[in-house]
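K.L.:
Supplied in structure tokens, the structure appears directly below.
The values are calculated or read from the model by the stated rules, or taken from the named source; none is laboratory data. Not measured: the values here are computed from a predicted model. Cβ placement follows ideal geometry from the backbone for every residue including glycine, while neighbour counts extend to all protein chains displayed. For the accessible areas, the whole protein counts, side chains as well, though only heavy atoms, and no ligand, DNA or RNA atoms are used. Shrake-Rupley method; radii C 1.70, N 1.55, O 1.52, S 1.80 Å.
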Amino acid sequence: MTSPRPAAVDTGFWLWAGALPLLMAGQFSDALTAPVPGNRVAVVTLTSVFIVVLGIVVLTFLLLLRSGYRWTRTVLTAGGVATVVYTAVSLLGVVRDPVPAVVFALTGIIGSVLIGGGIYLLHLPDSHQFFIK
């Protein structure tokens, strides 16, 4: 029998759920404002489809996480760490115009902090006891 879901798991879920649209908005902003050689419409369309599909996959993992699946916590942790690293490298290494730079910085920094908090909460001892599937 599954133990009742700890508050840390619910809070971690909501931190991740808050980070997801923020980071997606930052990526959309980047896609729309980045200089693209060639067919701009095709590049923006393909990038947008990729962002939406990836967002749906993450949301699916988040919903499975609330049911106690340990593997989703592992996948989300690895993806979250990769996202934070990617965001930090992108913030420091890509030159953007001022407005897109501020949008990407705000969404990226706030989203990364939310993900970091979510990862922390999902690995607390109470949370660890919950993930048994």
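K.L.:
Using the heavy atoms of the protein chains and a 1.4 angstrom probe, tell me the accessible area per residue for the chain in square angstrom.
P.N.:
Heavy-atom SASA per residue in the chain reads 58 Å².
K.L.:
What full-extension length gain, to one decimal in nm, is calculated for L46 and H128 as 0.36 nm per residue of separation minus the Cα-Cα distance?
P.N.:
Working it through step by step, the gained length comes to 25.7 nm.
K.L.:
Follow-up. Select from I119, L106, F130 the residue farthest towards the positive end of the dipole of the chain; place +1 on Cβ of Lys and Arg, -1 on Cβ of Asp and Glu, and compute about the Cα centre.
P.N.:
F130
K.L.:
Let me ask something else. Give me the dipole magnitude in Debye, nearest 20, for the chain about the Cα centre, with unit charges on the beta carbon: positive for Lys and Arg, negative for Asp and Glu.
P.N.:
280
K.L.:
Let me ask another. At 222 nm, what helix-only mean residue ellipticity would the chain give, in deg cm²/dmol to the nearest 500, using -39500 (n - 2.57) for each DSSP H run of four or more?
P.N.:
Estimated from H runs of four or more residues: -28500 deg cm²/dmol.
K.L.:
While we're here: At a 1.4 Å probe radius, carbon and sulfur cover how many percent of the accessible area of the chain?
P.N.:
Of all accessible area on the chain, carbon and sulfur atoms account for 77 percent.
K.L.:
A further question follows. How much length would be gained if the chain were fully extended between V81 and A101, taking 0.36 nm per residue of separation minus their Cα-Cα distance, in nm to one decimal?
P.N.:
That works out to 5.0 nm of additional length.
K.L.:
Let me check against my output: what whole-number percent is the relative contact order of the range 67-133, with C-alpha pairs under 8 Å and at least 6 apart?
P.N.:
59
K.L.:
Now for a separate question. With Cβ to Cβ distances under 15 Å as the rule, what net charge do the other residues near L122 carry (K, R +1; D, E -1)?
P.N.:
Value of the local net charge: +3.
K.L.:
I'd like the accessible area for D97, computed on protein heavy atoms only with a 1.4 Å probe and all protein chains in place. Round to 10 Å², please.
P.N.:
100
K.L.:
By Kyte-Doolittle mean hydropathy of at least 1.6 and Cα axial length of at least 15 Å, which whole DSSP H helices of the chain are selected?
P.N.:
Qualifying helices: 40-65, 98-122.
K.L.:
Counting only C-alpha contacts under 8 Å and six or more residues apart, can you give the relative contact order of the range 7-116 as a whole percent?
P.N.:
Computed value for the range 7-116: 48 percent relative contact order.
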